[in-house]
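Reviewing the structure listed below.
Each value in this text was obtained by applying a stated rule to the coordinates, not by laboratory testing. Nothing here was measured: the structure is a model prediction, and the numbers come from that model. All Cβ positions, glycine included, derive from the backbone under ideal geometry; neighbour counts span all protein chains shown.
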Amino acid sequence: MTKIRDLLAAGPTISFEFFPPKTDTAMRALDAALEELSLVEPSFVSVTYGAGGSTKDRTRSIVLGINETRPFPAMPHLTCMSHTKAEVIDLLDDYADHGIENVLALAGDPPTDADTPLGEFRYALELVELVRDKGDFSVGVAAFPELHPRSQGRSADDRQHLAAKLEVADFAITQFFADADDYGRLLDDLDALGVTKPVLPGIMAPNNPAGYRRMAAMNGTRVPEALLARIDAADAADAISLAVEATTQQCLRLRELGAPGLHFYTLNRSELTRRVHANLVG
Ligand code: FAD
């Protein structure tokens with residue numbers, strides 16, 4: 001197993017995010033994507049965690065499976081909202097017992113129904129500190145180039161909270177964004193706060209405009225409307241080519257801005273990411 005902080009120090013990295021599927025058919029699609037993307041020899045992959053622990057067992061079993069069978073590490077995401085400290089400690093002990101060395105420590109979103117308890121955590125920093133106390137994990141956190149939606153435009157506060165997390169954590173991965181300059185501004189703001197930890201840009205190809213708009217609305221991310229309109233109007237093959245080209249250009253710009261690696265939101269599919277990667281190495 002390998003710690004992501006060491007991979008980043010040796011960088012640049014390339015990494016892929018997957019989510020735990022609900023059905024056997026969707027699980028087969030994830031297996032196929034993983035198989036195809038393994039050929040790219042990623043530095044690491046990560047697996048998301050459902051709000052309030054809804055995917056706890058599936059996230060765990062996918063992460064353990066990848067770590068046992070692949071030459072690259074899989075990092076579980078872990079959200080603390082709605083959890084007790086004892087629950088989180090049990091899971092971290094279990095991960096450590098199974099040789100997991102990396103954790104992405106997140107707050108998660110507060111429960112929307114009144115019946116779900118809020119739990120013992122409020123902010124991701126509390127989880128980062130607990131993970132640090134529990135063992136020798138390499139710890140990542142979330143960053144938001146366009147600010148976290150709950151920050152409601154309070155840029156200085158949001159950046160300071162991120163800086164406080166990164167003082168304890170090893171690295172950050174960003175929310176997806178369309179304009180590479182937003183990532184550049186995030187790096188400048190952190191630099192001004194004296195933060196030097198690596199921040200990986202999270203990249204999502206806009207091949208599915210409806211899905212992109214929906215996720216952007218949830219995350220407070222601006223939408224590249226002119227590009228999405230062209231993709232909407234194109235046939236399926238052209239739509240993918242347009243998305244691949246736009247994402248390739250974004251990755252090239254992110255490299256110019258000093259990105260320590262590229263982290264792709266794959267949505268459990270491989271074609272787009274493989275084609276962008278081929279453009280970048282070709
Ligand atoms: P925090 O760092 O706690 O920040 C949340 C808000 O609180 C921000 O506005 C921040 O400025 C503010 N804040 C922080 N500290 C303080 C303080 N001391 N006082 C006042 N305000 C404060 N969600 C999932 O459910 N599962 C996943 O697997 C998942 N993976 C993700 C992966 C990445 C790379 C990213 C970018 C996000 C992911 N998310 C996931 C979403 C994330 O959990 C939510 O966006 C959540 O609302 C915020 O998480 P955080 O860790 O940034 O929280």
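See the values below:
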| quantity | calculated |
| --- | --- |
| Long-range Cα-Cα pairs in region 25-128 (distance over 18 Å), rounded percent | 49 percent |
| Chymotrypsin sites (Phe, Trp or Tyr not before Pro) lying in DSSP loop within region 53-134, provided at most 14 other Cβ fall within 10 Å | Y123 |
| Modelled FRET efficiency - R0 22 Å, S155 with A226, Cβ distances, 0.05 increments | 0.25 |
| Value of [θ]222 nm, deg cm²/dmol, for the chain, DSSP H segments ≥ 4, -39500 (n - 2.57) each, nearest 500 | -15500 deg cm²/dmol |
| Relative contact order %, the chain, counting alpha carbon pairs below 8 Å whose residues are six or more apart | 20 percent |
| Footprinting exposure proxy for S138, S241 (fewest neighbouring C-beta atoms within 10 Å first) | S241, S138 |
| Pairwise centroid distance, computed over Cα atoms, of region 1-20 with region 114-133, Å | 24 Å |
| Distance between modelled label sites at D113 and A234, nm, 7 Å Cα→Cβ extension | 4.1 nm |
| Dipole-positive endmost among T273, T248, L262 within region 199-282 (Cβ charges, Cα centre) | L262 |
| For region 190-220 and region 23-55, distance of Cα centres in Å | 19 Å |
| Nearby lysines by direct alpha-carbon distance to K3 (threshold 25 angstrom, same-chain neighbours under 8 apart not counted) | K56, K85, K134, K165, K197 |
| Under 5 Å, built H, 5+ apart or other chain: amide partners of V47 | F18, M75, H77 |
